[in-house]
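What follows is a short report on a single structure.
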Amino acid sequence: MYLCGWLWLLCCLPILGYVWGQSGGGGGACRLMANPISGSVYRAGDVVIGGLFPVHVEAPLPEQEFRSIEGNVTCTKFYQRAYRWLQTMIFAVEEINRDPFLLPNLTLGFLAADTCLAEGTTLGAALTMVTGQEASVAGTECGATPEVPVVIGDARSSASIVVAQTLGPFDLPMVSYFASCACLSDNWRYPSFFRTIPSDAFQARGMARLLHQLGWEWVGLVSGDDDYGKFGVQMLLQDLQGSGVCVAYAEVIPKVPSQRRMKHIVDTIRGSTARVVVTFAISQDARALMEEVVRQNITDRQWIASEAWVTYSTLSSPKNLPSLAGTIGFALKKAVIHSLGPFLTRLRPDGEYQKSDPFLRELWEEIFGCSLGIDLSMTPSSRRQCTGSEVIGEGESQYADVSQLRASYNVYKAVYAIAHAIQDMVACPPGEGPFNSGQCPDIRKLQPSQIAHYLRRVNFSTPVGDLIHFDMNGNPPASYDIINWHVTHEGTAEFVQVGHFLSSVGVDDQFHINMEKVVWGGGSRDEVPVSICSAACPPGTRHAVQKGRPVCCFDCLSCAEGEISNTTGSVECSRCPERFWSNPDRTACVPQLVDFLSYSDTMGVILSVISVSGATLTAGALATFFYHRHTPLVKANNSELSFLLLLSLKLCFLCALVFIGRPKPWTCMLRHTLFGISFVFCISCLLSRTVVVLVAFRATLPGENLMRYFSPAQQRMGISICTLIQVLICVLWLALAPPRPAERGDREGRGPRVVLECDVGSVVGFSLVLGYIGLLASLCLLLAFLARKLPDNFNEAKLITFSMLIFCAVWISFVPAYVSSPGKYTVAVEIFAILASSFGLLFCLFAPKCFIILLRPERNTKKHMMDK
């Protein structure tokens, strides 16, 4: 499209250069005349304003074979609304000419042409205006029409882009009343383009605000295949970024809509779960879409309309209302132009007026459904002959409807903006002008660049009372009415204003909508329609975006342990603070439960009973040995070592009780030191006993008396030294880094329960305690293994070997079980290891002896002890 505009520019460059290089039009310009399309309306004046209006909306197809010079061609499909715009321009010119204060010594004229809603015809009409070559104007001769220094139009953004690109390099100003594409705000590309309609950038911002405020997160987009639709959707998508609104689909209405293509678009709308459909299209494209929507009887969609068709009365016909009732859209600010209604209805089809206005005949036939022509054979047989005495009633047709003056008001403002620019030029103080050396404009030789300069500076109030000015990009302040389609009792549509949106560069937006007045899609007054891809996640869950789909489409996943979400629609879960944990529903943080192995727990009770039972059995064995201390069996087993061993075993059983209960500083220090010292004492006694047995039965040399080195005193000294080493380790451990109470969760340091336990403090100290016990146990096992083949009746070495195997197996198994056990079960595993190893020593070493002492006293004799 841009290439088309520049090609036109290159073709017409000689024309433009010639015209604007001369003071007048030149009589010989007829041979440079552009090919006229349709008709024009002209009135002479000191300054002639050009106007481009799509009085017809269907242009003829171009002749592409270039075999002959194309003659005058005629556009079809008369558009009453655009003709009202043309008449509004005439009304504004006449009103200004009557004003004694605005341009009192100048008369404005106009030259309005039909653009046929096509880029080629629009550009052709614009070029014939600015070059003074319009020869199809009634009542003028070839070359008699003056050059137009400023143009009002066009209605379409695409056509305005082409014209603005062509006229811009020559500083020919153009003031559009309906071209709202945001792309036209590029001051570098379109330096002399102005408009009285806000840029679509503001409308897109308002639409995004509307969608976000009403919670419509899942919407469909339908746009026209032109710059208005493409740039409008592009701006809307930019404003929707980060707003939480996603696009379900984006369809484009072709310029030549086919039944197959329109059916595909409407099938997409019907099949989507998005209930809200945003349309950025001109009225003709929207009409093609809605015809198929009505044909398929789609009545459950909420339509969001752009300003191009939201007040288009043809679309709001009663047959369309079941599908379109409740439509919401942004409309240009409405105004009341006094006396415009009577001015529009003044027309009469008399010969003189019809001659000066080539569009009047079509208007008359459109409104009254008759034929104004002389030859009835050329008209449909169903049409009657017009009498010419018919009267256009105000508000009875689209042309005469002045209840929704929006685009018409923009035309009105455009004429007044040009008039005030010329007024400022006239009021220029001599020698203080804005041009070279303080030069003021010469009204008799008005230059388009001068009008463009003064248009940038206009600041005035219209007769309606609105303040008009342009920013650096030629845009006015944005002011929109939010329109809602209501259905009256008569079954007709009523455009009700339910809010407004005001926006301007550098100023905060003002958005307001009265929800109580809104009728929703399909004519419902119930709650706001819901248009979402996925329902909001309930508390306790979070969003998980579905792969390959927009962020509005998601699954709901439960929060992880220790995390919560207490609101609906949470994007992520929040972690609970320290000492708190998530409840089972993951909706609130609750204090963590304090957990430890207590005496009230079932496991604590069982372990306590086992510990006390072991200590009781040990005490029973000690009492038995003490009572039978004079018997051969007790004497043969070194009664003193047996008593010390039973005493140490009793301490081992009782130290397990210290591990049960709430950890405190003194219990933490006591449980590990008591455990370490008790077991070293026990293993030392067993080691001393093993050495004595081994030495007694391994001394083979004659006269060798090794037992003198292992007297009871020396045995006690050995036991004491081994035990004191462990005591020294424990003292250093307690002095440097003692065990202390600590808290930890049961999962990676956090969990629903806070486990109270005893931290070992120094890992080195704890390792030395366990390592020393393991060293003595290994040495004892090795010596007992060496003494395993002593005489059968004296099986002490075998019992020691078996007991130490159990002891080592228990504590080797303890390490992985201790590391992998959660929470308070870690302490239970340690207690179990203590009790298991203690019972192993008790039963292996003393159960057979107690059995003989108590149940087989006949074997407790010296003779039996000495037998092999």
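At a glance:
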| read-out | value |
| --- | --- |
| Residue in the stretch 519-529 that is out of contact with any Lys or Arg (no Cβ under 8 Å at 6 or more places or on another chain) and on the phi > 0 side of the Ramachandran plot present | yes |
| Near pairs, Cβ below 6 angstrom, 6+ apart or cross-chain, from the stretch 678-695 (in contact (Cβ under 8 Å) with a residue 24 or more places away in the chain and on the phi > 0 side of the Ramachandran plot) to any residue that is part of a helix (DSSP H, G or I) and of a type in the set (S, T, N, Q) | none |
| Matching entry among Thr166, Thr196 (being touching a residue at least 24 places away in the same chain (Cβ under 8 Å), touching a Cys at 6+ places or on another chain (Cβ under 9 Å), more than 19 Å from Gln234 (Cβ to Cβ) and polar (S, T, N, Q)) | Thr166 |
| Pick from the stretch 604-637, criterion among the hydroxyl-bearing types (Ser, Thr, Tyr) and in contact with a Phe, Trp or Tyr (Cβ under 7 Å, 6 or more places away or on another chain), ranking: nearest to Pro712 (Cα to Cα) | Thr618 |
| Residue match in the stretch 196-215 (condition: of a type outside the set (Phe, Trp, Tyr), over 30 Å from Tyr409 (Cβ atoms) and out of contact with any helix residue (DSSP H, G or I) (no Cβ under 6 Å at 6 or more places or on another chain)) | yes |
| Answer from Leu240, Leu214, Leu315, Leu321 - the residue that is among the aliphatic types (A, V, I, L, M), closer than 21 Å to Ala155 by Cβ and modelled with pLDDT under 95 | Leu315 |
| For Thr273: the one exception among (1) surrounded by 22 or more Cβ atoms within 10 Å (Cβ to Cβ); (2) touching a residue at least 40 places away in the same chain (Cβ under 8 Å); (3) not acidic (Asp, Glu) | (1) |
| Test for Phe495: is it within 41 Å of the chain's Cα centre (by Cα), within 15 Å of Asp200 (Cα to Cα) and aromatic (Phe, Trp, Tyr) | no |
| Hits in the stretch 819-837 - residues which are closer than 17 Å to Val658 by Cβ and under 48 Å from the mean Cα position of the chain (by Cα) | Lys824, Thr826 |
| Candidate set from the stretch 139-156 (those that are more than 17 Å from Gly474 (Cα to Cα) and hydrophobic (A, V, I, L, M, F, W, C)); member that is modelled with the highest pLDDT | Val148 |
| Members of the stretch 313-340 that are surrounded by fewer than 19 Cβ atoms within 10 Å (Cβ to Cβ) and farther than 23 Å from Ile468 by Cα | Ser313, Thr314, Ser317, Pro318, Lys319, Pro322 |
| Selection count, the stretch 426-461, where residues are on the phi > 0 side of the Ramachandran plot and assigned to a helix (DSSP H, G or I) | 2 |
| Check on Gln165, within 28 Å of Ala288 (Cα to Cα), out of contact with any strand residue (DSSP E or B) (no Cβ under 9 Å at 6 or more places or on another chain), of a type outside the set (Val, Ile, Thr) and in a helix (DSSP H, G or I) | no |
| Pairs with Cβ under 6 Å, 6+ apart, first in the stretch 532-548 and farther than 21 Å from Ile564 by Cα, second in a loop (DSSP other than H, G, I, E, B) | Ile532/Glu217; Cys533/Cys552; Cys533/Cys553; Gln546/Cys553 |
| So Thr587, is it more than 30 Å from Leu645 (Cα to Cα), surrounded by fewer than 16 Cβ atoms within 10 Å (Cβ to Cβ), at pLDDT 85 or above and of a type in the set (Val, Ile, Thr) | no |
| Flag if Ser558 is surrounded by 14 or more Cβ atoms within 10 Å (Cβ to Cβ), touching a Ser or Thr at 6+ places or on another chain (Cβ under 7 Å) and of a type outside the set (D, E, K, R) | yes |
| Residue among Ala159, Ala164 that is closer than 30 Å to Pro463 by Cβ, touching a helix residue (DSSP H, G or I) at 6+ places or on another chain (Cβ under 6 Å) and at pLDDT 90 or above | Ala159 |
| Number of the exception - Trp85 against (1) surrounded by fewer than 22 Cβ atoms within 10 Å (Cβ to Cβ); (2) at pLDDT 90 or above | (1) |
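Conditions (1) within 26 Å of Ala164 (Cα to Cα); (2) in the same structural domain as Glu95 (by TED's automatic domain parsing); (3) at pLDDT below 90; (4) of a type in the set (Val, Ile, Thr), marked per residue:
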{"residue": "Val415", "(1), (2), (3), (4)": "yes, yes, no, yes"}
{"residue": "Ile418", "(1), (2), (3), (4)": "yes, yes, no, yes"}
{"residue": "Pro429", "(1), (2), (3), (4)": "no, yes, yes, no"}
{"residue": "Pro434", "(1), (2), (3), (4)": "yes, yes, yes, no"}
{"residue": "Phe470", "(1), (2), (3), (4)": "yes, no, no, no"}
{"residue": "Trp485", "(1), (2), (3), (4)": "no, no, no, no"}
{"residue": "Glu494", "(1), (2), (3), (4)": "no, no, no, no"}
{"residue": "Asp509", "(1), (2), (3), (4)": "no, no, yes, no"}
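Matching residues to (1) part of a loop (DSSP other than H, G, I, E, B); (2) hydroxyl-bearing (Ser, Thr, Tyr):
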{"position": "Leu210", "(1), (2)": "no, no"}
{"position": "Tyr228", "(1), (2)": "no, yes"}
{"position": "Gln238", "(1), (2)": "no, no"}
{"position": "His264", "(1), (2)": "no, no"}
{"position": "Arg270", "(1), (2)": "no, no"}
{"position": "Trp309", "(1), (2)": "yes, no"}
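The values are calculated or read from the model by the stated rules, or taken from the named source; none is laboratory data. Only a predicted model underlies this, so the values are computations on that prediction, with no experimental measurement involved. Note that we place each Cβ from the backbone using ideal geometry, even for glycine, and neighbour counts take in every protein chain shown.
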